[in-house]
Amino acid sequence: MQSVELLLDDRLDDAVRAEWDRLLGAGISSAARVRTETNRPHITLAVAASIPPGIEGQMRERIDGSPIELRLGGIVVFGDRHATLARLVVPTVELLTLHREVFALLEQCPGIPPHIRPGEWTPHVTLARRVPAGRIGAAIVATHAARHDLDGTSAGIRRWDGQAKREWRVV
């Protein structure tokens, strides 16, 4: 899979990494278990089976790289028996507009899942994947996320090539 991802400023990045570490410390297999430079907290704006290279130039032309305000809210759980635990990103006009602009550039790409389309997309930052149903409560407690929102800004847009395990900045 290929993706376009919105990165978080250093403060938000550090806060999410601390939540990853707390989850791992509580015995929940969080994103902290992957120790590579490319594993970073992010908001996925688009996913496709393949993205042509020319799209990146169009992104640079059409998308203002200015930081946008972000608020990470409470916990959201996707799935059931083996769930994904994430921080909900409070949608703003700026975030939804950015998502629509990115999606408009990629909508003809193959393999776009329905949940990434405007009107279906739930902006979030993933904390842990494949959490067993019986551990969801413990995972939520471990994050401390329900106690406070996290405010910050975006820090650019990257492309991620899941097959090659490679990232690069676009905007």
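Every number in this text was worked out from the coordinates using simple rules, so none of it is lab data. Remember, predicted model here, so these are calculated numbers, not experimental data. Here the Cβ is made from the backbone with ideal geometry for all residues, glycine too, and neighbour counts use every protein chain on show.
The phi-based Karplus calculation (6.51 cos²θ - 1.76 cosθ + 1.60; θ = phi - 60°) puts the 3J(HN,Hα) values of region 116-126 at 9, 6, x, x, 10, 6, 10, x, 7, 10, 6 Hz, whole numbers, x for Gly and Pro. Sort out for me the Cα centre separation of region 48-69 from region 118-141, rounded to whole Å. Value for the Cα centre distance between the two parts: 27 Å. Can you tell which of His144, Gly119, Val93 lies farthest toward the positive end of the dipole of region 87-165, using +1 and -1 charges on the Cβ of basic and acidic side chains (Lys, Arg; Asp, Glu)? Most positive-ward Cα: His144. Would region 15-68 count as rounded, prolate or oblate if I go by the C-alpha gyration tensor, calling it rounded below 1.5 in a/c and otherwise prolate when a/b exceeds b/c, oblate otherwise? Prolate shape, in that a/c is at least 1.5 and a/b is the bigger ratio.
Taking amide H as placed 1.01 Å from N in the peptide plane, His124 has its amide H under 5 Å from the amide H of Thr44, Val89, each at least 5 places away in sequence or on another chain.
Overall, the chain carries a charge dipole of about 680 debye about its Cα centre when +1 sits on the Cβ of Lys and Arg and -1 on the Cβ of Asp and Glu, all other atoms neutral. Arranged from fewest to most other beta-carbon atoms within 10 Å of their beta carbon, His124, His82, His99 become His82, His124, His99.
Residues in region 131-140 carry Karplus couplings, in order, of 7, x, 3, x, 10, 4, x, 4, 5, 5 Hz; the curve used is 6.51 cos²θ - 1.76 cosθ + 1.60 with θ = phi - 60°, and Gly or Pro positions show x.
When a/c reaches 1.5 or more, the comparison of a/b and b/c decides; with that in mind, is region 40-123 rounded, prolate or oblate per its Cα gyration tensor? Oblate, since a/c reaches 1.5 and b/c is not below a/b.
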